[in-house]
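The values are calculated or read from the model by the stated rules, or taken from the named source; none is laboratory data. The model shown is predicted, which means the values in this text are computed figures rather than measured ones. Every residue, glycine among them, receives a Cβ derived from its backbone with ideal geometry; neighbour counts consider all protein chains shown.
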Amino acid sequence: MSAFFTLLESLRNFLNTGGDVLWVILLISICLWTLVAERFIFFSWTYPELKAYWLEQWNSRTDRDSKYALYIRECIISEAKITMNRTLPVIKMLVSLCPLLGLLGTVTGMIHVFDVMSVTGTSNARAMAAGVSQATIPTMAGMMIAIGGLYFSKRIEERVSDETHHLTDLLKYN
C-alpha cells in the first residue's frame with residue numbers, strides 16, 4: 001500500500017513541476033480517454049443491438065422500392081451515422097486543445113524564467129531551472145496526449161465509416 005502512496009506522491013510532484021497548466025492538461029486527458037473508451041465500448045456492446053434494431057426496422061417494411069422507402073432508408077443510415085459520431089467532435093476538440101495547452105505551459109514557464117532572471121540576474125542557472133522545466137513538461141505532455149488522441153480519433157472515424165458502409169449494404173433498396 002505504501003508503494004501506491006509513493007507513486008501518487010511522485011505523480012503529484014511531477015504535476016507540480018509542470019505548473020498549473022499541467023493539471024489542466026491532466027483533466028483534459030482524463031476527459032479525452034474517457035470519451036475514447038466510451039466509443040470503443042459503444043461499438044462493442046451497444047452498436048450491435050442498435051444495428052439489429054435498424055435492420056429489423058427496415059426488413060419489417062413491405063415497401064422497399066418506392067421513393068418513400070428510399071427516404072426512410074436514408075433516414076435510418078443518417079440516424080446510425082449520427083449515433084456513431086456522437087462524441088467524435090468533442091474528442092477532436094480535446095485532441096486539438098492539448099498542444100495549445102502545452103504551448104500555454106511553455107509561455108507561463110518562460111515568463112517564470114524571465115521573472116527569475118530579472119530578480120537574480122542571468123548567472124543563476126539553478127534558479128532558472130524550475131522555470132525551464134515548467135516550460136518544457138507541459139509541452140511534452142500536451143503533445144503526447146494529442147498524438148495518442150489523434151490516433152484513436154482516426155480509428156473511431158474509420159470505424160464509423162466502415163460501419164456506415166456496412167449498414168448501407170445491409171439495408172437493401174430494390
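Output the residues belonging to the stretch 43-61 that are without any contact (Cβ under 8 Å) to a residue 24 or more places away in the chain and part of a helix (DSSP H, G or I). Even if it seems obvious, please write down each step before you answer.
To start, the set of residues in the stretch 43-61 that are without any contact (Cβ under 8 Å) to a residue 24 or more places away in the chain comprises 44-46, 48-49, 52-53, 56-57, 59-61.
Within the stretch 43-61, S44, W45, T46, P48, E49, A52, Y53, E56, Q57, N59 qualify.
Only one of (1) at pLDDT 95 or above; (2) surrounded by 15 or more Cβ atoms within 10 Å (Cβ to Cβ) is not met by V116, so which one is it?
Against the list (1) at pLDDT 95 or above; (2) surrounded by 15 or more Cβ atoms within 10 Å (Cβ to Cβ), V116 comes up short only on (1).
Within the stretch 121-174, how many residues are of a type outside the set (V, I, T), on the phi < 0 side of the Ramachandran plot and not in a helix (DSSP H, G or I)?
Residues of the stretch 121-174 of a type outside the set (V, I, T): 121, 123-131, 133-135, 138, 140-144, 146, 148-155, 157-159, 161-163, 165-167, 169-174.
Filter once more, keeping what is on the phi < 0 side of the Ramachandran plot: 123-131, 133-135, 138, 140-144, 146, 148-155, 157-159, 161-163, 165-167, 169-174.
If we keep only those that are not in a helix (DSSP H, G or I) as well, we get 123-124, 171-174.
So the count comes out to 6.
What residue, among those in the stretch 77-99 that are of a type in the set (S, T, Y) and part of a helix (DSSP H, G or I), is surrounded by the fewest Cβ atoms within 10 Å (Cβ to Cβ)?
Within the stretch 77-99, the subset of a type in the set (S, T, Y) is 78, 83, 87, 96.
Keeping just the survivors that are part of a helix (DSSP H, G or I) gives 78, 83, 96.
Working: S78: 11, T83: 14, S96: 13.
Selected residue: S78.
Scan the stretch 62-76 and give yes if some residue there is assigned to a helix (DSSP H, G or I) and polar (S, T, N, Q), otherwise no.
Within the stretch 62-76, the subset assigned to a helix (DSSP H, G or I) is 67-76.
Narrowing further to those that are polar (S, T, N, Q): none.
No; the residues of the stretch 62-76 include none that is assigned to a helix (DSSP H, G or I) and polar (S, T, N, Q).
Answer with yes or no whether S118 is over 17 Å from the mean Cα position of the chain (by Cα), over 27 Å from I30 (Cβ atoms) and of a type in the set (S, T, N, Q). Step through it out loud before you land on a result.
On the way: over 17 Å from the mean Cα position of the chain (by Cα): yes; over 27 Å from I30 (Cβ atoms): yes; of a type in the set (S, T, N, Q): yes.
So S118 passes the test.
Go through the stretch 1-15 and give me each residue that's part of a helix (DSSP H, G or I) and of a type outside the set (S, T, N, Q).
Initial filter on the stretch 1-15 (part of a helix (DSSP H, G or I)): 2-15.
Within the stretch 1-15, A3, F4, F5, L7, L8, E9, L11, R12, F14, L15 meet the criteria.
Considering only residues that are within 14 Å of the chain's Cα centre (by Cα) and not aliphatic (A, V, I, L, M), look in the stretch 1-55 and name the one that is nearest to V113 (Cα to Cα).
The first filter runs over the stretch 1-55 and keeps only residues within 14 Å of the chain's Cα centre (by Cα), leaving 25-40.
So of that shortlist, the ones also not aliphatic (A, V, I, L, M) come out as 29, 31, 33-34, 38-40.
Values: S29: 27, C31: 31, W33: 32, T34: 35, E38: 40, R39: 42, F40: 43 Å.
If we take residues in the stretch 1-55 being within 14 Å of the chain's Cα centre (by Cα) and not aliphatic (A, V, I, L, M), then S29 is nearest to V113 (Cα to Cα).
Is there a residue being surrounded by fewer than 11 Cβ atoms within 10 Å (Cβ to Cβ) and aliphatic (A, V, I, L, M) anywhere in the stretch 57-71?
No - not one qualifying residue is present in the stretch 57-71.
Yes/no per residue for (1) out of contact with any helix residue (DSSP H, G or I) (no Cβ under 9 Å at 6 or more places or on another chain); (2) at pLDDT 90 or above; (3) surrounded by 18 or more Cβ atoms within 10 Å (Cβ to Cβ); (4) farther than 22 Å from V90 by Cβ:
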site: M128; (1), (2), (3), (4): no, no, yes, yes
site: G131; (1), (2), (3), (4): no, no, yes, yes
site: G142; (1), (2), (3), (4): no, yes, yes, no
site: L150; (1), (2), (3), (4): no, yes, no, no
site: S153; (1), (2), (3), (4): no, yes, yes, no
site: H166; (1), (2), (3), (4): no, yes, no, yes
site: D169; (1), (2), (3), (4): yes, yes, no, yes
site: K172; (1), (2), (3), (4): no, no, no, yes
